[in-house]
Ligand code: GLU
């Protein structure tokens, strides 16, 4: 069998959304699993809707997810991607070949004429498809009278088209339901179906893996392969992604842009893992390394029914990945999030790496996103903090404040300001006062962090250092209770 070659073919008319990213991922996983090639092709023939900015953000999102593509038109530079706008001559050559063979013809019907005839057909209760009026004009360009002419494929009326879809199984279409669809528009631009087939042929694509919103295009593409007398690739149409209300996933369900997840503090490996499992399974396993995904991925295990996007599960998975992230990488990832949470750039730059890693290490257990991790650990750094007023009123009572004052004096007298020394002091004190450790620790937690929940407070105090702890606690003591 020839080498597996697949492609991801986004139209650069917006950002890379979750559905597109999953299509790209399944193509990438399939290619890597099969030791094949993964081609990236930008489908930018719709000049009005395509923008370079979209192409840039789509590439950025793919890079962020680690979906590297093979090959491309550039020699010596980074691979690809291919861009359809650079390939117009190829589409014209293929159209010419079909014209020369009498399998395509020039059409000079104007949009207004087509619309009027379509309406008339509907009113008469007949099929609104193109009526073939220009068929007799054939491939003789002279008959177009110099008017801008489109090129249409001559599609037969008889027979049926069957595909053995690798996800859905056999799907059958009636050829008679198709019309003589346009290959080249009168402005010379190829239509989607035509450009896709020409490129899939020229790029030797063996498997077309795409969203099942394209199923209705597939019979048109197959008649084109047949007209060209070329082998037809295999198709795998992946079911849609739905929102929790089972409507097609859209902005109203929350963020759908992949890079928005980056900005919200998700790790690319968590997003990849989540998207992989969104419509594909491998037993009950939920967490996969990238290598495992490549090793286990198969199209047979892609479900036939739409998958429901579950943001809560994605957050859970992200939390699992944050827990497993090595401190040096986590810290590097966190810096922009700390900055966004209000830690100044100067302060971050002045921190030694080891201290930052210890902060990240203390908070990584509970955080579901980097945003959450940064905002929950923000208080460890300099600057004022927002204290939860209800928590302060409840925990920093007059009585508690008096105890905090005494403890501050005792902390100052400690020979070393370490988590172990602090814990031992607080324990001894609690026993002496017949209190629980938490009764003494909680006022410090609220004073330092402004909240009632944080990771263990003694290592945090050690990290903050005595001066910062004293300053922050005294500030809390002065606040009105
Ligand atoms: N440009 C098409 C899209 O973005 C690609 C369809 C295909 O994969 O054939 O939906």
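The values are calculated or read from the model by the stated rules, or taken from the named source; none is laboratory data. Note that the structure is a prediction, hence the values are computed from the model and not measured. All Cβ positions, even for glycine, are placed from backbone atoms using ideal geometry, and neighbour counts span all protein chains on display.
Summary of values
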item: Tally, over the stretch 19-42, of residues that are part of a strand (DSSP E or B) and on the phi > 0 side of the Ramachandran plot; result: 0
item: Subset of the stretch 215-255 (residues that are at pLDDT below 95, touching a strand residue (DSSP E or B) at 6+ places or on another chain (Cβ under 7 Å) and not in a loop (DSSP other than H, G, I, E, B)); result: 248
item: Matching residues in the stretch 349-360 - criterion: being surrounded by fewer than 16 Cβ atoms within 10 Å (Cβ to Cβ) and either within 17 Å of residue 325 (Cβ to Cβ) or within 30 Å of the chain's Cα centre (by Cα) (or both); result: 353, 354
item: Filter result for residue 260 (more than 12 Å from the ligand (Cβ to nearest atom), in a helix (DSSP H, G or I) and either farther than 25 Å from residue 13 by Cα or in contact with a helix residue (DSSP H, G or I) (Cβ under 6 Å, 6 or more places away or on another chain) (or both)); result: no
item: Any chance residue 13 is within 16 Å of the ligand (Cβ to nearest atom) and under 30 Å from residue 291 (Cα atoms); result: no
item: Wholly enclosed helices (runs of 4 or more DSSP H) of the stretch 43-149 bearing at least 3 residues closer than 21 Å to residue 195 by Cα; result: 52-65, 88-100
item: One residue from 91, 82, 26, 15 being modelled with pLDDT of 95 or more and over 24 Å from residue 255 (Cβ atoms); result: 91
item: Index of the failed condition, residue 222 passing every other in (1) away from the ligand (no atom under 13 Å from the Cβ); (2) within 30 Å of residue 101 (Cβ to Cβ); result: (1)
item: Residues satisfying the stated conditions in the stretch 129-154, i.e. surrounded by fewer than 17 Cβ atoms within 10 Å (Cβ to Cβ) and at pLDDT 90 or above; result: 129, 132, 133, 135, 136
item: Condition met for residue 382 (modelled with pLDDT under 95, closer than 16 Å to residue 465 by Cα and part of a helix (DSSP H, G or I)); result: no
item: Single match in 430, 391, 419 (criterion: modelled with pLDDT of 95 or more, under 24 Å from residue 364 (Cβ atoms) and surrounded by 13 or more Cβ atoms within 10 Å (Cβ to Cβ)); result: 419
item: Residues satisfying the stated conditions in the stretch 182-214, i.e. assigned to a loop (DSSP other than H, G, I, E, B) and either under 13 Å from residue 6 (Cα atoms) or more than 15 Å from the ligand (Cβ to nearest atom) (or both); result: 185, 186, 187, 188, 203, 204, 205, 206
item: Count of the stretch 462-471 residues which are crowded, with 20+ Cβ neighbours inside 10 Å and more than 17 Å from residue 352 (Cα to Cα); result: 1
item: Exclusive hit being closer than 27 Å to residue 372 by Cα, within 43 Å of the chain's Cα centre (by Cα) and not in a helix (DSSP H, G or I), set 455, 443, 459; result: 455
item: Flag if residue 7 is in contact (Cβ under 8 Å) with a residue 40 or more places away in the chain, within 14 Å of the ligand (Cβ to nearest atom) and not in a loop (DSSP other than H, G, I, E, B); result: yes
item: Those residues of the stretch 16-25 which are over 20 Å from residue 71 (Cβ atoms) and within 8 Å of the ligand (Cβ to nearest atom), in sequence order; result: 20
item: So residue 331, is it farther than 22 Å from residue 450 by Cα and touching a residue at least 24 places away in the same chain (Cβ under 8 Å); result: yes
item: Cβ pairs under 9 Å, 6+ apart, first in the stretch 108-124 and under 19 Å from residue 145 (Cα atoms), second in a helix (DSSP H, G or I); result: 108/134; 108/137; 108/143; 108/144; 109/117; 109/133; 109/134; 113/133
